[in-house]
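Contents: one structure, followed by commentary.
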Amino acid sequence: MLMVGLWVTSQIREAVIRNSAGTTALYVDSVIAPLLPDMRKNEALSDSVKRALDETLDQGALGKKLVSFNLWDRGGKILYSKDPRLIGQVFEPSANLLRAFGGDVFAEFDRLDDNERQQKGTTSRLLEIYNPVREPWSGDVVAVSEFYEVADDFQKTLNAALWSSWLVVGGATAAALAMLSGIVLRGSRTIHRQRLALEAKIAELQELLSQNSKLRHRVQRASRRATAINERYLRRIGADLHDGPAQLVALAALRVDSLHLVDPAAPSKDRKAEIADIHHTLDEAMREIRAICNGLVLPQIETAAVGDILRLAVTEHQRRTASSVSLTLPARLPELGTSEKISIYRLAQEGLNNAWRHANGKDQAVNASMTGGKLQIEVSDGGPGFDPASSEGLGLAGLRERIESIGGRFEASSSSKGTRLTVTLSIEEQQ
């Protein structure tokens with residue numbers, strides 16, 4: 001703003017001075033030109049011309065405006081002056097004088113110091129003008145008039161022009177700064193919003209990475225524990241088969257070689273009784289094998305809804321144990337994958353089996369609910385309870401690993417008022 005303002009005001013100052021000087025010079029030239037003789041033929045002015053110039057320059061408007069007037073020839077000689085002492089003296093031509101002899105009207109404003117003003121007989125601001133005097137028929141410069149004009153009013157006009165230019169430059173700069181500030185402020189706000197959004201995304205990504213890392217470790221631990229639990233399951237199944245059906249089949253095989261069957265002389269009644277005992281032993285072995293198979297084989301639940309799976313588990317348990325189970329289901333349950341359905345069925349099966357074995361089937365209940373986008377299934381009883389930290393058996397451990405491997409949460413709580421098994425599954429993660 002300062003650079004542009006200084007340049008603009010300097011241009012305005014020069015233009016105003018030049019235009020004012022040109023106007024004054026034209027007026028002075030129109031007044032004195034008719035009084036001057038042929039300057040090519042006359043190197044000095046006659047007394048009559050001097051008197052005419054004295055009368056013209058001392059009276060009227062020119063007398064009030066001009067405080068000094070000199071007429072120069074090309075040699076630096078003063079042909080006429082309002083100060084008679086200077087007439088005929090020769091001085092070294094100044095740069096301003098030479099420029100005027102080159103054909104230019106030249107002016108300077110307020111370049112005199114206080115001493116020079118006193119010599120001119122005034123304390124006012126002066127406009128110094130060098131005006132070329134041309135020959136009418138050829139247009140050649142034959143002399144230069146140097147005069148000083150009282151320019152108090154000119155100073156006011158110049159100040160007004162300069163103030164106007166500064167106001168325009170300042171206003172334009174302020175408007176540009178306001179526009180730039182608005183653009184920068186808007187850009188800054190946009191950058192701030194984008195930075196906050198980016199920080200939020202980064203925080204969210206870091207949280208997701210942390211969750212993924214935790215889930216990966218949980219899955220790895222669950223996989224290792226599941227392998228160990230599966231091995232324990234196999235050992236338990238082997239032990240159940242060995243201690244149950246295998247012993248009964250072995251007993252039946254031994255009784256096949258009994259004397260009641262081998263000896264032809266054995267009474268028919270004893271033979272029939274022995275055969276009946278063998279049939280009973282084999283039937284008992286088959287029942288135990290079917291019981292073991294029923295615990296291992298799942299019903300067709302891939303296409304069943306979650307509510308139907310829970311009803312199936314409850315119905316099967318009631319049929320096997322002839323006990324009563326309270327089932328509570330919401331109006332609508334979400335669709336889940338096969339792994340989630342198997343886990344839910346095993347939860348209901350294992351929870352109700354434990355309730356039957358350890359609580360004698362007291363207050364058995366299965367409840368399902370939806371809370372905040374999460375499916376929660378709870379199996380409870382009213383038995384004496386146990387310590388989950390020290391007494392978590394193979395079934396509960398397998399349930400925990402199964403639930404955690406699909407991203408769910410398994411909780412077991414027990415007290416003297418009963419036991420509660422709770423599974424929570426996030427529905428968003430399953431869809």
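Summary of computed values
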quantity	calculated
The range 302-317 residues that are among the small types (Gly, Ala, Ser), paired with ones that are open to solvent by 70 Å² or more (accessible area, probe 1.4 Å) (beta carbon under 6 Å, 6 or more apart)	none
In the range 61-82, residue farthest from the chain's Cα centre (by Cα) [restricted to those that are open to solvent by 50 Å² or more (accessible area, probe 1.4 Å) and closer than 16 Å to GLU149 by Cα]	LYS82
Candidates LEU327, LEU310, LEU347, LEU336 - the one that is assigned to a loop (DSSP other than H, G, I, E, B), within 21 Å of LEU421 (Cβ to Cβ) and in contact with a Leu (Cβ under 8 Å, 6 or more places away or on another chain)	LEU336
Leading residue by the ranking (farthest from the chain's Cα centre (by Cα)) among those in the range 11-38 that are among the polar types (S, T, N, Q) and open to solvent by less than 40 Å² (accessible area, probe 1.4 Å)	THR24
Every residue from the range 308-354 that is within 46 Å of the chain's Cα centre (by Cα), crowded, with 20+ Cβ neighbours inside 10 Å and β-branched (Val, Ile, Thr)	ILE344
Selection within the range 1-10 - open to solvent by less than 100 Å² (accessible area, probe 1.4 Å) and touching a helix residue (DSSP H, G or I) at 6+ places or on another chain (Cβ under 6 Å)	VAL4, GLY5, VAL8, THR9
Out of SER181, SER258, SER210, SER165, sole residue that is open to solvent by less than 60 Å² (accessible area, probe 1.4 Å) and under 30 Å from GLY5 (Cβ atoms)	SER165
Selection status of GLU284, touching a Pro at 6+ places or on another chain (Cβ under 7 Å), assigned to a helix (DSSP H, G or I) and either at pLDDT below 85 or surrounded by 13 or more Cβ atoms within 10 Å (Cβ to Cβ) (or both)	no
Cβ-Cβ under 6 Å pairs, at least 6 apart or on other chains, the range 282-295 side within 20 Å of HIS317 (Cα to Cα) and of a type outside the set (Asp, Glu), far side open to solvent by 60 Å² or more (accessible area, probe 1.4 Å) and at pLDDT below 75	ILE292/ASP240
Test: residue in the range 217-226 that is among the polar types (S, T, N, Q), in contact (Cβ under 8 Å) with a residue 60 or more places away in the chain and open to solvent by less than 90 Å² (accessible area, probe 1.4 Å)	yes
The range 340-391, residues that are free of Cβ contacts under 8 Å to residues at least 12 places away in the same chain and either within 14 Å of LEU327 (Cα to Cα) or of a type in the set (D, E, K, R) (or both)	ARG357
Selected residue (only one of GLY395, GLY418, GLY383 is modelled with pLDDT under 85 and open to solvent by less than 60 Å² (accessible area, probe 1.4 Å))	GLY395
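To keep it simple, each residue is scored yes or no on (1) modelled with pLDDT of 90 or more; (2) among the β-branched types (Val, Ile, Thr).
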| position | (1), (2) |
| --- | --- |
| LEU127 | no, no |
| ASN131 | no, no |
| GLY139 | no, no |
| VAL144 | no, yes |
| SER181 | yes, no |
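The values are calculated or read from the model by the stated rules, or taken from the named source; none is laboratory data. Model, not experiment: these values are computed from the prediction. As a convention, Cβ positions derive from the backbone with ideal geometry for all residues, glycine included, and neighbour counts pool all protein chains shown. Just the protein is used for accessible areas: all its heavy atoms, side chains included, with ligands, DNA and RNA removed. Shrake-Rupley method; radii C 1.70, N 1.55, O 1.52, S 1.80 Å.
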